[in-house]
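The structure under discussion appears below in the form of structure tokens.
The values are calculated or read from the model by the stated rules, or taken from the named source; none is laboratory data. Fair warning: this is a prediction, and the values are worked out from it, not measured in the lab. Cβ: placed from backbone, ideal geometry, glycine included. Neighbour counts: every protein chain shown. Note: areas computed on protein heavy atoms with side chains; ligands, DNA, RNA excluded. Shrake-Rupley method; radii C 1.70, N 1.55, O 1.52, S 1.80 Å.
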Amino acid sequence: MASEYQDRLKDEFFLAARVRPATEEHYVSWLEAYLDGGGKVSSLASGAFAQAKFFTMSASARIPDIDGDRAISIIVPPGVTPNVERVGDCRIYFIDGATKNGNASAQVWPEMLDMLIGDGYPMSRLVDEWELRRKMQEAIVDRVTRGQERSGEFYGAFGKLSFAAIDSGLKDISAMPAEILLRDILKMKADTPIDPATQAILDEQKREALKVLEVLHYKLNPEHQEPIPIFGKRAKHLFPEEPNAGLSGQIQVGPPLKYKGPGPQQ
């Protein structure tokens, strides 16, 4: 019964407030105003923008007290003044004043990055540096392991691979620019610019991955399982020098021998 009551409240609100679905662009409009006012992005969201949960309203009305999964996100356009005394778990984003209520978070979804960067907001401002490192690590691990692993640090993920896979991954990551890996996992356009601060983090993660791959490549390489040749005194003991049996290049001819035995001497 409680769920039916909340559904009725929501439907009545949709009529009174002339509610309509919100798009990514509606949310980006609020987020840009929020950033311009000194706000900060709270996190990079996983998955796609939950458009089915976001709405706009074009008439002033009381936002209903809805809890749990039935709660909605409302982007309030300029000039609209909703009643927000009791909104339950609903999330409210106000264009006027570029503010939000306590339930709302200033997330950014991957599919919005092209829009935001194109409007002059660098990625280093949209994605926390630790989140960016995690995403880059995720992209590299996913590529090297061919989708078998995604999360986890490099050594733990790569340590399960064969020498052939390590060898292939080392060549692949060495030849690939770092930003291509991030664009792929975040579905970003090829011409969306990457700011220097972000590029430095991407290059750093690529170096860390290559270092681990090189360590494992040496460890697993069959050529490195054989001992190197013996050296020092033991080498001379095991492999003694052979005597030189070769003849001299010149033959020395001495004077004729004289017989010194008994009998007349010539």
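Can you list residues whose amide H is under 5 Å from Ile75's amide H, if they're 5+ apart or on another chain and H is modeled 1.01 Å from N?
Phe55, Thr56, Met57, Tyr93
Count the DSSP beta bridges whose two residues both fall in the chain, then state the antiparallel fraction as a percent rounded to the nearest 5. Write out the running numbers ahead of the final one.
Working: 4 of 15 bridges.
Rounded to the nearest five, the antiparallel share is 25 percent.
How far, in degrees from 0 to 90, does helix 196-220 lean away from the longest principal axis of the Cα atoms of the chain, to the nearest 10?
With both axes taken from Cα atoms, the answer is about 40 degrees.
With angles folded into 0 to 90 degrees, how steeply does helix 24-36 sit against the dominant principal axis of the chain? Use alpha carbons for both and round to 10.
Helix 24-36 sits roughly 80 degrees off the main axis of the chain.
Skip the ligands, DNA and RNA, and give the accessible area per residue of the chain with a 1.4 Å probe, whole Å².
Spelled out: the 1.4 Å probe surface of the chain, per residue, equals 63 Å².
Stokes-Einstein at 25 °C, 0.890 mPa s, Kirkwood radius from Cα pairs: D for the range 143-225 in µm² s⁻¹?
Roughly 179 µm²/s, to the nearest whole number.
Of Lys189/Lys219; Lys160/Lys211; Lys160/Lys189, which ones are farther than 28 Å apart at the Cα?
Long pairs (Cα-Cα over 28 Å): Lys189/Lys219; Lys160/Lys189.
Going by the alpha-carbon gyration tensor, a ≥ b ≥ c the square roots of its eigenvalues, is the range 73-220 rounded (a/c under 1.5) or, if a/c is not under 1.5, prolate (a/b greater than b/c) versus oblate? Walk me through the intermediate numbers first.
On the way: a/c = 3.67, a/b = 2.41, b/c = 1.52.
In terms of gyration-tensor shape, prolate.
Using modelled backbone amide H atoms (1.01 Å from N, in-plane), which distant-in-sequence or interchain residues come within less than 5 Å of Thr99's amide H?
Long-range HN contacts for Thr99: Phe94.
Along the Cα→Cβ direction, 7 angstrom out, place labels at Thr81 and Asp203. What is the inter-label distance in nm?
For Thr81 paired with Asp203, the spin-label model returns 5.3 nm.
Which angle from 0 to 90°, rounded to the nearest 10, does the C-alpha axis of helix 2-16 make with the longest principal axis of the chain?
70
Just tell me the longest site-free run in the chain, where the sites are chymotrypsin sites (Phe, Trp or Tyr not before Pro) in a DSSP loop having at most 11 other beta-carbon atoms within 10 Å. Working shown, then result.
Details: sites that count: Phe231, Tyr259.
The longest such stretch corresponds to 1-230.
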